[in-house]
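Notes follow the structure.
The values are calculated or read from the model by the stated rules, or taken from the named source; none is laboratory data. Bear in mind that the values here come from a model prediction, so they are computed numbers and not experimental data. Cβ placement follows ideal geometry from the backbone for every residue including glycine, while neighbour counts extend to all protein chains displayed. Heads up: the accessible areas ignore ligands, DNA and RNA and are worked out on the full protein's heavy atoms, side chains in. Shrake-Rupley method; radii C 1.70, N 1.55, O 1.52, S 1.80 Å.
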Amino acid sequence: VQLQASGGGLVQAGGSLRLSCAASGSTVSPGGMAWFRQAPGKEREFVAARWRSRNPFYADSVKGRFTVSGDNNKITVYLHMNSLKTEDTAVYYCAAGFPILSSVGRAEGYRYWGQGTLVTVSS
């Protein structure tokens, strides 16, 4: 399974971006698709996820600002980012796999990863 992420770029604080991630090479919808991010000098962290038929999961730092959505038939996931802050600057990675509930927000729960797309938020 290959994941292709796109949509990153440079935006001013308070602005919006939409990231997209499309999967290819599989006809089986993954149990979960998620977004993680990694800022310079920091560890990769969970951002948001869609898992089975549950309501989406979000990191506390993005709740109310980011929305994750997707199309299970097309095996795609989107991340709508509003009210962006400079601290949202990072490389954003999409991930897919079959995590159990306790690992939905953990990188080890996902087998497949995209190449990352850079989001830069300027002040």
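A dipole drawn for the chain from +1 and -1 charges on Cβ atoms has a positive end, and of Gln2, Trp51, Tyr92 the residue lying farthest that way is Trp51. Looking at segment 1-92, which GluC sites (Glu not before Pro) are DSSP coil and have at most 13 other C-beta atoms within 10 Å of their C-beta? Passing sites in segment 1-92 are Glu43. Between Gly15, Gly41, Gly64, the Gaussian network model of the chain with springs among Cα atoms under 10 angstrom shows the greatest mean-square fluctuation at Gly41. As I understand it, the dipole of the chain uses +1 on the Cβ of Lys and Arg and -1 on the Cβ of Asp and Glu, about the Cα centre. Which of Pro30, Val119, Gly109 lies farthest toward its positive end? The residue sitting farthest along the positive end of the dipole is Pro30.
Note on the chain: Rg/Rh from C-alpha atoms, Kirkwood Rh, equals 0.94. Between amide H atoms placed 1.01 Å from N, distances below 5 Å from Thr89 occur with Val121, all of them 5 or more places distant or on a separate chain.
Under the combined filter of DSSP loop state and at most 16 neighbouring Cβ atoms within 10 Å, segment 26-123 retains these trypsin sites (Lys or Arg not before Pro): Lys42, Arg44, Arg52, Arg54, Lys63, Arg65, Lys74, Lys85, Arg106, Arg111.
Each Lys and Arg contributes +1 and each Asp and Glu -1, all at the Cβ; summed about the Cα centre of the chain, the dipole is approximately 220 debye.
Going by accessible area, probe 1.4 Å, with all protein chains left in place, what is the ranking of Asp71, Asp88, Asp60, largest first? List each step's numbers first, then the result.
On the way: Asp71 50, Asp88 0, Asp60 125 Å².
The ranking, largest first, comes out as Asp60, Asp71, Asp88.
Please identify which residues in segment 1-38 have an amide N closer than 13 Å to a label point set 7 Å out from the Cα of Arg52, following the Cα→Cβ vector. Under cut-off, by backbone N: 31-32.
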